[in-house]
Amino acid sequence: MGGLVFILVTALLAIFAYVLVGDSSPNANNQKAEIALKSPNFVTQVIILKNNRYDDKVSIIDRFIGGAEKPYDYYPIRNAEIVDEGVEVTTHYNQKKIIKASALYSQLSADDLMPHLDTQKYWLGTDRYGRSISSRLILGIRISLLVGLLAVIISLLVGTVVGAVGGYFGGWADRVVMYFINVMWSIPTLLLVFAIVLAFGRGIGVIFLAVGLTMWVDVARIVRGQVKKIKEEQFVQAAKSVGVRDYAILFRHILPNIIGPILVIAAANFATAILIEAGLSYLGFGVRPPTPSIGNMLNEHYGYAITGKPILALVPAVTIMLMVLSFNLLGSGLRDVFDVKDGGN
């Protein structure tokens, strides 16, 4: 249950990512060099400026899915005061800078600076580019879950069809299925994913396709074994005796009875897909920056683990660990619920 709750929480974070994050710009890539490498719970005073990158033509759906710039921007400062030209601010570099009234988000009031000042908190601190770690982490979770979901769907579709056909019909069909299973098993999973990514290029679409096409083998093996077992049951023999077609028996009567083992292997494959995607991004073969991924967040900041900023490396590492652990726990729980035993041969 703990694993299921954690998965549901991360799923909600992924779905409503751009609603929940502090930096709702595309990929949470709003860089503030003045506040780079700040510790968790860092709070800074900011002055509210007009955002020249704002586009009012972006639809609500596009903002929800891909994020968008807000009509205003936050400029981090130490303090500010009214001057004749506008506002004199002191930056985090201890430099003084004049900001004209026309640059503020709303018309400057001569006797009140407060409408243009605010405070901003970074719950997990900032990275080396001054970006919000918490915002990018939530978007990174979205990438991991998206890749995992699509990869699992592909592996289930391919593995279920291949395993069911081989297990039900037997004979030469089963021998062909086992030949492909053995060939795929002889190739290291990560090496095959590397080959597919290098052949077709980096990108989310290629990654989930590559991962999905390497994980169908376990699904096919489990489905094949379960189908071979259940096809000998009396209800299947009865369906054959009254002339029900083979494909109707297979997909309407047999497959619904092996949904338990399929769910168990799906949970395990979800954890594997997340781990592979993180590994690819960590090695530089995953999604392209500045798109946030837990793996490339770890790649960018693993060196800080021994230079006084371990939180930069620990946050993505612990997140990956918890996500993989949660799916493995969910798989173990489903195995207990369905009392799944290995039916592979």
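The values are calculated or read from the model by the stated rules, or taken from the named source; none is laboratory data. These numbers were taken from a predicted model, which means no experiment stands behind them. Cβ sites come from the backbone with ideal geometry, for glycine too, and all protein chains shown count toward neighbours.
Where in segment 1-75 are there helices (runs of 4 or more DSSP H), lying wholly inside it, with at least 3 residues that are farther than 30 Å from VAL337 by Cα and assigned by TED's automatic domain parsing to the domain that holds GLY86?
Ranges flagged: 60-66.
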(request) Could you tell me whether segment 79-91 includes any residue that is within 35 Å of the chain's Cα centre (by Cα) and either under 30 Å from PHE327 (Cβ atoms) or modelled with pLDDT under 90 (or both)? (result) no
(message) Just to verify a result, which residue in segment 297-316, among those that are without any contact (Cβ under 8 Å) to a residue 24 or more places away in the chain and part of a helix (DSSP H, G or I), is surrounded by the most Cβ atoms within 10 Å (Cβ to Cβ)?
(response) LEU298
(message) Quick test of your reading of the structure: VAL158 fulfils all but one of (1) assigned to a loop (DSSP other than H, G, I, E, B); (2) at pLDDT 90 or above. Name the failing condition by number.
(response) (1)
(message) Can you tell me which condition GLY3 does not meet? The list is (1) under 26 Å from LEU124 (Cα atoms); (2) in contact with a helix residue (DSSP H, G or I) (Cβ under 7 Å, 6 or more places away or on another chain); (3) surrounded by fewer than 18 Cβ atoms within 10 Å (Cβ to Cβ), and all the others hold.
(response) (3)
(request) Within segment 230-277, track down each residue that is in contact with a helix residue (DSSP H, G or I) (Cβ under 6 Å, 6 or more places away or on another chain) and either charged (D, E, K, R) or free of Cβ contacts under 8 Å to residues at least 12 places away in the same chain (or both). (result) LYS231, GLU277
(request) Determine, yes or no, whether GLY167 is small (Gly, Ala, Ser), in contact with a Lys or Arg (Cβ under 6 Å, 6 or more places away or on another chain) and outside any helix (DSSP H, G or I). (result) no
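Given the criteria under 18 Å from ASN269 (Cβ atoms) and either modelled with pLDDT of 85 or more or in contact with a Ser or Thr (Cβ under 7 Å, 6 or more places away or on another chain) (or both), does ALA164 qualify? Steps first, please.
Working: under 18 Å from ASN269 (Cβ atoms): yes; either modelled with pLDDT of 85 or more or in contact with a Ser or Thr (Cβ under 7 Å, 6 or more places away or on another chain) (or both): yes.
Answer is yes for this residue.
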(message) Can you confirm whether ILE35 is at pLDDT 90 or above and more than 25 Å from VAL87 (Cα to Cα)?
(response) no
(message) Anything in segment 175-190 that is modelled with pLDDT of 85 or more and aromatic (Phe, Trp, Tyr)? List them, or say none.
(response) TYR179, PHE180
(message) Let me spell it out: the conditions are (1) part of a strand (DSSP E or B); (2) in contact with a His (Cβ under 8 Å, 6 or more places away or on another chain); (3) not polar (S, T, N, Q), and GLU88 meets all of them except one. Which number is the exception?
(response) (2)
